[in-house]
Amino acid sequence: MEIFWYIIIAIVLAMFFILDGYDFGTGIVHLFFAKKEEDKEVIAKAAGLFWDSNEVWLVAAGGMLFMAFPTFYASVFSGFYLPLIIVLWLIIFRAIGLEFRSQFNYQMWKDMWDKAFGVSSLLLALFFGIALGNIVRGVNLGGVENGISAYEAHYFFLPLWDASFNPSTTHPGVIDWFTLTIGVISVVVLTIHGANWVILKTNSSINNKLKLTIFKLNIVLSALTVFSLSIWHIINPSPFKNFLEKPYLIVFPLIYFSGIIGLFFVKKNKNNTNFIFSTLLVLGGITSL
């Protein structure tokens, strides 16, 4: 039964990152690439039509965690209390940025909420990537130091960062150089995903520019992927143990790399094909981690 609920929750979380992930990416595109007012409006509408329904997947995953794995739920929500509160506020500002920008026809008003939408989307992509980095790196359950546990075995607490910024310390922070690397990869992946969504759903004047941007970001993503794989052994002495013991798990990295390869032909592919490839990026990356 535990395996059943693990799979169900994993599927729900994957759906959240695929569907709400393009909303995050759309916000990043809106922040950095949309200069004309008509482009800003169509890009905001491309995200605004779906953001509330897409976030239901996150609510559903939280409810299932509480029901199926209450100890895990309690541990995560206490240990990551500060970053979770930050994520909550970012989700709020992203939503009101989308909903408030069109309430008054004043440029200052629109600019303020455009920034709220864009910056919140960027930081959400970063923080969710950092969260995945913490899962890969692991946390000090029980606060063990010198073989002695400071508190209950299922409990942990992490500051936002520590002075060393080192993931290998006994008491690391939420943000260190390794988790930040995964966070940057998340930002790049979701920017690509959001750009493909904008190209698919709008006739924005920046669509051709976005295709060139996707190609360049894909090169950056490839380099970051190789870099993260090369430093993974610093965090975990046997980082690929699971894949060696269970070779069928290789299918998940293959999904990720097929997305990268497909997006190198972004100019030749159809728009819906490019969106499928970026979806493979998100799906393969999460399942591999």
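Here, each number is a calculation from the coordinates, and none is a lab measurement. Not measured: the values here are computed from a predicted model. Quick reminder, even Gly has a Cβ in these numbers, built from the backbone with ideal geometry, and neighbours come from all protein chains shown.
For this structure, a couple of remarks:
- Long-range HN-HN contacts of Val174 with modeled amide H, under 5 Å: Leu160, Trp161
- Choice from Met108, Met15, Met64 showing the highest fluctuation, given a GNM over the chain with Cα pairs closer than 10 Å: Met108
- Working value for the stretch 147-289: equivalent-ellipsoid semi-axes of 34, 18, 13 Å, each the square root of 5 times a Cα gyration tensor eigenvalue, largest first.
- Its Cα centre serving as origin, the chain has a Cβ charge dipole (Lys and Arg +1, Asp and Glu -1) of approximately 1100 debye.
- Choice from Gly62, Gly21, Gly147 with maximal GNM fluctuation in the chain (Cα, 10 Å cutoff): Gly147
- Computed about the Cα centre, the dipole magnitude for the stretch 44-118 is approximately 120 debye when only Lys and Arg (+1) and Asp and Glu (-1) carry charge, each at its Cβ.
- Normalised alpha carbon radius of gyration of the stretch 29-143 [divisor 2.2 N^0.38 Å]: 1.28
- Separation between Cα centres of the stretch 11-75 and the stretch 141-164, rounded to whole Å: 31
- Within straight-line cross-link reach of Lys201, lysines at Cα separation under 28 Å, skipping those fewer than 8 residues along the same chain: Lys35, Lys36, Lys40, Lys45, Lys110, Lys115, Lys209, Lys211, Lys216, Lys267, Lys268, Lys270
- For the chain, excluding the exposed loop sites themselves (trypsin sites (Lys or Arg not before Pro), DSSP loop, at most 16 other Cβ atoms within 10 Å), the longest remaining stretch covers 37-266.
- Dipole-positive endmost among Ser186, Ile135, Trp197 within the stretch 95-197 (Cβ charges, Cα centre): Trp197
- The radius of gyration of the Cα set in the stretch 1-85, together with its Dmax, comes out at 16.5, 53 angstrom.
- The residues Val59, Val189, Val136, when put in order of fewest to most other Cβ atoms within 10 Å, stand as Val59, Val136, Val189.
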